1. Hey, could you check the stretch 167-197 for residues that are modelled with pLDDT of 85 or more and among the aliphatic types (A, V, I, L, M) and say which is most open to solvent (accessible area, probe 1.4 Å)?
2. Go through (1) open to solvent by less than 60 Å² (accessible area, probe 1.4 Å); (2) modelled with pLDDT under 95 and name the single condition VAL341 misses.
3. Of the residues GLY305, GLY243, which single one is at positive phi and touching a residue at least 24 places away in the same chain (Cβ under 8 Å)?
4. For ARG254, all conditions in the list (1) assigned to a helix (DSSP H, G or I); (2) touching a helix residue (DSSP H, G or I) at 6+ places or on another chain (Cβ under 9 Å); (3) under 24 Å from SER304 (Cα atoms) hold save one; what is the number of the exception?
5. Which of the residues spanning the stretch 262-290 are of a type in the set (Gly, Ala, Ser) and either open to solvent by 60 Å² or more (accessible area, probe 1.4 Å) or over 23 Å from ARG326 (Cβ atoms) (or both)?
6. Can you work out which of the residues in the stretch 51-96 that are in contact (Cβ under 8 Å) with a residue 24 or more places away in the chain and not in a helix (DSSP H, G or I) is most open to solvent (accessible area, probe 1.4 Å)?
7. If we keep just the residues of the stretch 232-261 that are more than 21 Å from the chain's Cα centre (by Cα) and over 23 Å from ARG326 (Cβ atoms), which is most open to solvent (accessible area, probe 1.4 Å)?
Amino acid sequence: MATAVSGRERGAQDPTEMPYTGSDTVDEQAQQEEVEDKLKECIDNVLDKSAKTRQVALENLRLAFSSKMLFDFLLERRLTLTDSLEKCLKKGKGEEQSLAATVLTLLCLQMGSGPEGEEVFRSLKPLLINILTDTSASPISRQSCAVALGMCCYIAAADLEDLISCLTCLEGIFSTSCPEEGNSMPAQHSPLLQTLHCNALQSWSLLLTICPSSYIKKILDNHLLKLPLMLSSDNVNLRITAGETIALLFELARDMEEDNFYEDTDLLCTKLKALATDSNKYRAKTDRRRQRSIFRDVLHFIESGEFHEETIRFGLECMYVDSWVRRRTYDAFKEVLGSGVRHHLQNNELLREIFDLGPPLVLDAAAIKASKISRFEKHLYNSAAFKARTKARSRVRDKRADIL
């Protein structure tokens with residue numbers, strides 16, 4: 001997925017991260033009012049005549065929305081902000097359109113899956129589709145619109161018609177990376193277009209996780225033959241996304257107890273094994289390492305049906321990512337929220353409902369303080385973990401030496 005340019009590169013600052021000044025008796029209500037005043041100023045600046053001012057305002061809103069819960073503040077301003085974002089998407093260029101699409105995604109995430117979020121999504125869905133399908137538009141804008149369309153539809157689509165129309169649109173974007181009939185090699189595209197296709201495929205696979213089983217059966221028939229061909233792409237992110245999507249489709253098919261939904265499993269496993277052991281020197285070392293790691297997981301799942309579980313810790317809680325559906329969903333929110341994903345997992349009712357975390361925990365100051373370990377305890381823990389990791393790696397190296 002495309003990531004927005006860091007606000008620090010432009011001098012942007014999260015308006016909700018106010019510096020602490022004064023004594024311990026600072027009025028919390030006054031601080032909150034100051035935060036809201038800065039956010040109001042940012043919303044006003046989204047319509048400024050200067051393109052640079054608009055971009056800084058959008059970046060500040062992106063930082064604020066991704067790091068804080070602002071439902072009450074945004075509830076009465078959502079229509080104004082939606083209209084402003086619409087103007088940025090219609091008249092802006094490149095980076096401004098990209099930021100506006102990202103802020104729209106975060107606004108929808110703040111509003112949730114109720115009528116407020118649905119209203120935001122419905123009002124700007126046609127515009128997102130227009131930019132996404134416009135081949136003359138900036139690739140960066142189209143990348144962010146692909147993410148926004150998938151995320152907003154996942155959060156706020158009210159009926160199956162909205163879901164199917166978004167799936168169809170996204171499919172039309174990434175399918176151009178699939179080989180043409182009679183050709184086993186994927187079509188060649190520029191890196192920016194490959195990123196667009198990757199974003200569209202990720203959004204498409206995210207929406208598959210909420211599709212009815214009848215539609216999934218059609219997808220299995222149409223796409224399990226095409227997606228393995230994308231494993232030959234020269235773009236590492238597109239190869240990885242295709243592999244993860246294949247694993248997701250296998251999981252959905254098995255959950256529906258579909259039999260004989262894919263006949264060339266042996267050939268597919270051969271391709272996956274080659275990618276899981278790829279040592280071509282012309283690929284970057286980090287790309288090879290990431291590709292091997294992910295395709296080992298994909299191959300293991302296709303062969304055995306077992307998923308490599310991951311634990312996500314936030315505050316006093318933890319969440320288990322124990323399926324490809326859950327991984328695709330978590331990765332989608334993590335890409336949009338960045339480092340703020342843990343704050344939203346703790347406090348955002350939408351995310352807590354999606355991941356079955358229950359209502360947000362209510363903790364007093366004493367409980368929070370008791371949960372924190374001292375710097376010395378953290379140092380001891382890190383030292384022990386480093387020693388254990390070094391010993392484990394040494395044993396692996398010894399085994400490799402014996403084999404050689």
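The values are calculated or read from the model by the stated rules, or taken from the named source; none is laboratory data. This one's a predicted model, so the numbers in the text were calculated from it and none came from an experiment. When we count neighbours, we look across all protein chains shown, and the Cβ atoms used for this are built from the backbone with ideal geometry, even at glycine. Surface accessibility is based on the protein's heavy atoms, side chains included, excluding ligands, DNA and RNA. Shrake-Rupley method; radii C 1.70, N 1.55, O 1.52, S 1.80 Å.
1. LEU192
2. Answer for VAL341: the failing condition is (2).
3. GLY305
4. For ARG254, the failing item is (2).
5. Step one: of the stretch 262-290, the residues of a type in the set (Gly, Ala, Ser) are 274, 276, 279, 284.
Scanning the stretch 262-290 gives ALA274, SER279, ALA284.
6. LYS93
7. Taking the candidates together, the pick is ASN260.
Residue by residue, here is whether (1) under 18 Å from ARG62 (Cβ atoms); (2) among the charged types (D, E, K, R); (3) open to solvent by 30 Å² or more (accessible area, probe 1.4 Å) holds:
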| residue | (1), (2), (3) |
| --- | --- |
| LEU109 | yes, no, no |
| PRO115 | no, no, yes |
| GLU119 | no, yes, yes |
| ASN130 | no, no, yes |
| ASP134 | no, yes, yes |
| SER144 | yes, no, no |
| VAL147 | yes, no, no |
